1. Show the residue pairs that are 6+ apart or on different chains and have beta-carbon atoms under 6 Å apart, the first residue being within region 304-330 and touching a residue at least 40 places away in the same chain (Cβ under 8 Å) and among the hydroxyl-bearing types (Ser, Thr, Tyr), the second being outside any helix (DSSP H, G or I) and surrounded by 24 or more Cβ atoms within 10 Å (Cβ to Cβ).
2. Taking helices (runs of 4 or more DSSP H) that fall entirely within region 347-441, which contain at least 1 residues that are among the hydroxyl-bearing types (Ser, Thr, Tyr) and touching a residue at least 12 places away in the same chain (Cβ under 8 Å)?
3. Could you tell me which of the residues ILE246, ILE268 is more than 15 Å from the ligand (Cβ to nearest atom), farther than 28 Å from VAL41 by Cβ and either free of Cβ contacts under 8 Å to residues at least 60 places away in the same chain or buried (at least 24 other Cβ atoms within 10 Å of the Cβ) (or both)?
4. Go through region 202-220 and give me each residue that's buried (at least 19 other Cβ atoms within 10 Å of the Cβ) and either near the ligand (Cβ under 9 Å from one of its atoms) or among the small types (Gly, Ala, Ser) (or both).
5. Could you please find all residues in region 280-315 being within 16 Å of the ligand (Cβ to nearest atom) and either polar (S, T, N, Q) or over 21 Å from ILE262 (Cα atoms) (or both)?
6. Say whether the condition of being farther than 21 Å from ALA117 by Cβ and more than 16 Å from the chain's Cα centre (by Cα) is met by at least one residue in region 293-306.
7. Please enumerate the residues belonging to region 341-363 that are among the small types (Gly, Ala, Ser) and under 18 Å from MET146 (Cα atoms).
Amino acid sequence: MSSRDQFSTKIGFMLAAAGSAVGLGAIWKFPYMAGSNGGSVFILLFILCIFLISLPVLIAEFMIGRRGQADAVTSFKTQAPGKPWYLVGYLGMVISALILSFYSVVGGWILSYLARAAIFAVKPTDGSTYAELFTKVIENPIEVVMAQGAFILLTILIVQAGIKSGIEKASKIIMPLLFIFFLVLVVRSLTLEGAMEGVRFMFVPDWSLFTGETLLLALGQAFFTLSVGISIMITYASYLGKSENIGGTGINVALMNIFISILAGLVIFPAVFALGFEPDQGPGLVFVILPAVFEQVPFGGLFLLIFFILLLFATITSSISLLEMVVSVAVGDNRKKRVRTSWLVGILIFIIGIPSALSFGVLSDRTIFGRSIFDAVDFLTNNIGMPLGALFISLFAGYYYSTKVSKAELNTSPFMYYLWLVLIRIVSPIAIIIIFYTGLK
Ligand code: TRP
């Protein structure tokens, strides 16, 4: 096993984990989920779910991966020989593939917008609106499928190159840049006339909007945004040396994610209210609002282009983790198969994703349990697959590991350790079961 790559530096792992976590979840999904589910109520529940449930599970995944030093399935197999725990790894693999199948659809939208931004054509034609432009893009069957294919292709090209050269390098430059860009946008958005209404929408809770479904969706978002519940971080942490502080890394990743999500919200919602849009328009929200905000900035067209490039990178650092998870399980320690497997799996996921890509246009009247195909895959993965995976991971780290093992792994103050232990043993499993039950009714 000594032949496995390791992350060369502490900051390398941190950035790769953050790169996997920070992506469309924070920038695209968080604003529209908050916008459609009561704003501040959703945001509060989301933050609560992160600290009480998703972060402890993230740390558990780091633990399992570092101890296993192998892909998710092998990590479970070597640590629990002859027991069915490894099935959790396979569950993660299937859910990863499904997530990537619709993630790449949105990645494709970004490419579509990027291509338009490059010729300064993110403009509605006369008399129409940004919302109509978005609809036009996502309804066009040829464009969405080609764009989705191009996005998967980019992902495959990076993953087949192996962990070090691809993932690590990419995350180092992009994240800080994206961050600075967001800060500038927040300032622009907050200084628009009428912006405060958006801030109120985000931070003053209206508890009458609280429902079991909101809670389930907030939990799903908390898992999704930290890339938790489907053993991805097990795969990443398997490249980790013994000296890293996994608790601290987990906390940093969580804080960074919350921060970027809130920043994204602070760009979107003030502009929504100031410019007279609706907060609950769904997956198109950022694609409609962002160009409208950039319109209010000098050289907006150019900045919009740069922004979409950064967003594309943030999206790709996430999509490579999804593909990496599937490929690493399929390849095991046989590294020769890596390139071929990356292509095979990538192409398969592309095909699985085509119905999702078409579900806003030609397949828009096909529904599964009352949801469009895209929404159904999203719901199945976020709100069923990930909580289920997270439940098993909690049980494994909380009960299967002896406290001696987990204490040594976490290597932190007794207070922090017992806090984590209570969360992983009691709070997380019980909360997941209850939320699951009430949210699905
Ligand atoms: N967290 C990423 C985002 O917010 C998406 C993602 C990457 C993901 N890997 C994951 C989600 C694993 C769930 C599980 O964009």
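1. The qualifying pairs are THR315/GLY23; SER318/GLY23; SER328/ASP71.
2. Where helices (runs of 4 or more DSSP H) fall fully within region 347-441 and carry at least 1 residues being among the hydroxyl-bearing types (Ser, Thr, Tyr) and touching a residue at least 12 places away in the same chain (Cβ under 8 Å), they are 386-395, 403-410, 428-440.
3. The conditions single out ILE246.
4. Selection gives ALA218, GLY220.
5. Residue satisfying the conditions is THR315 alone.
6. no
7. Matches in region 341-363: GLY346, GLY353, SER356, ALA357, SER359, GLY361.
Residues checked against (1) modelled with pLDDT of 95 or more; (2) within 14 Å of the ligand (Cβ to nearest atom); (3) part of a helix (DSSP H, G or I):
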position	(1), (2), (3)
PHE7	no, no, no
PHE13	no, no, yes
GLY25	no, yes, yes
PHE76	no, no, yes
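The values are calculated or read from the model by the stated rules, or taken from the named source; none is laboratory data. These numbers come from a predicted model, not from an experiment. Cβ coordinates were reconstructed from backbone atoms using ideal geometry, including for glycine residues, and neighbour counts include every protein chain displayed.
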